[in-house]
1. Can you tell me which residue is surrounded by the most Cβ atoms within 10 Å (Cβ to Cβ) among those in segment 9-30 that are touching a helix residue (DSSP H, G or I) at 6+ places or on another chain (Cβ under 9 Å) and charged (D, E, K, R)?
2. Among the residues of segment 46-68 satisfying the criterion of being open to solvent by less than 40 Å² (accessible area, probe 1.4 Å) and either closer than 15 Å to Ala13 by Cβ or among the acidic types (Asp, Glu) (or both), which is modelled with the lowest pLDDT?
3. Starting from residues that are closer than 17 Å to Lys66 by Cα and among the hydrophobic types (A, V, I, L, M, F, W, C), keep the ones in segment 31-45 and report whichever is most open to solvent (accessible area, probe 1.4 Å).
4. Can you spot a residue in segment 87-100 that is among the aromatic types (Phe, Trp, Tyr) and either open to solvent by less than 30 Å² (accessible area, probe 1.4 Å) or at pLDDT 70 or above (or both)?
5. Using beta carbons and a limit of 6 Å, which pairs, at least six apart or on different chains, have the first residue in segment 36-59 and in contact (Cβ under 8 Å) with a residue 24 or more places away in the chain and the second one surrounded by 10 or more Cβ atoms within 10 Å (Cβ to Cβ) and of a type in the set (D, E, K, R)?
Amino acid sequence: MFEHFLLRARTVAFYRSVIRASRHIPGVDARKGTVQWIRGEIEQASDMTEVDRIEQHLSYLQRLMKQVLPGFHLAAQKKSRKLENDLGLHDSTYRYDISI
């Protein structure tokens, strides 16, 4: 159950990173389209219950965003560290790097 909580937090952090990184996309329609596309991908996978499948899907989306959005990698790393600090996860056994 704890893994699901962490994955939910990682997914929300990922989505917020996409929104921040999409600010660099010229054109309001292109920016909105990109964010809607990622939101759709996340919502489409919302019925997944297996931790491994969720992690694989999130990793796939992160790799995709690193290719599509400039500056996504940096925004995701910064938010990952902040999330770990907020959750009190300083032990390396619980460290998750969302910038795969």
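The values are calculated or read from the model by the stated rules, or taken from the named source; none is laboratory data. Everything numeric here is computed off the predicted structure, so don't read it as measured data. Glycine also receives a Cβ, built like all others from the backbone with ideal geometry; neighbour counts cover every protein chain displayed. What goes into the accessible areas is simple: the full protein's heavy atoms, side chains included, and nothing from ligands, DNA or RNA. Shrake-Rupley method; radii C 1.70, N 1.55, O 1.52, S 1.80 Å.
1. Of everything passing the filter in segment 9-30, Arg10 is surrounded by the most Cβ atoms within 10 Å (Cβ to Cβ).
2. Among those that are open to solvent by less than 40 Å² (accessible area, probe 1.4 Å) and either closer than 15 Å to Ala13 by Cβ or among the acidic types (Asp, Glu) (or both), it is Met65.
3. Filtering segment 31-45 for residues that are closer than 17 Å to Lys66 by Cα and among the hydrophobic types (A, V, I, L, M, F, W, C), the one most open to solvent (accessible area, probe 1.4 Å) comes out as Trp37.
4. Kept after step one, since they are among the aromatic types (Phe, Trp, Tyr), are these residues of segment 87-100: 94, 96.
Narrowing the set further to residues that are either open to solvent by less than 30 Å² (accessible area, probe 1.4 Å) or at pLDDT 70 or above (or both) leaves none.
No - not one qualifying residue is present in segment 87-100.
5. Val51/Glu3
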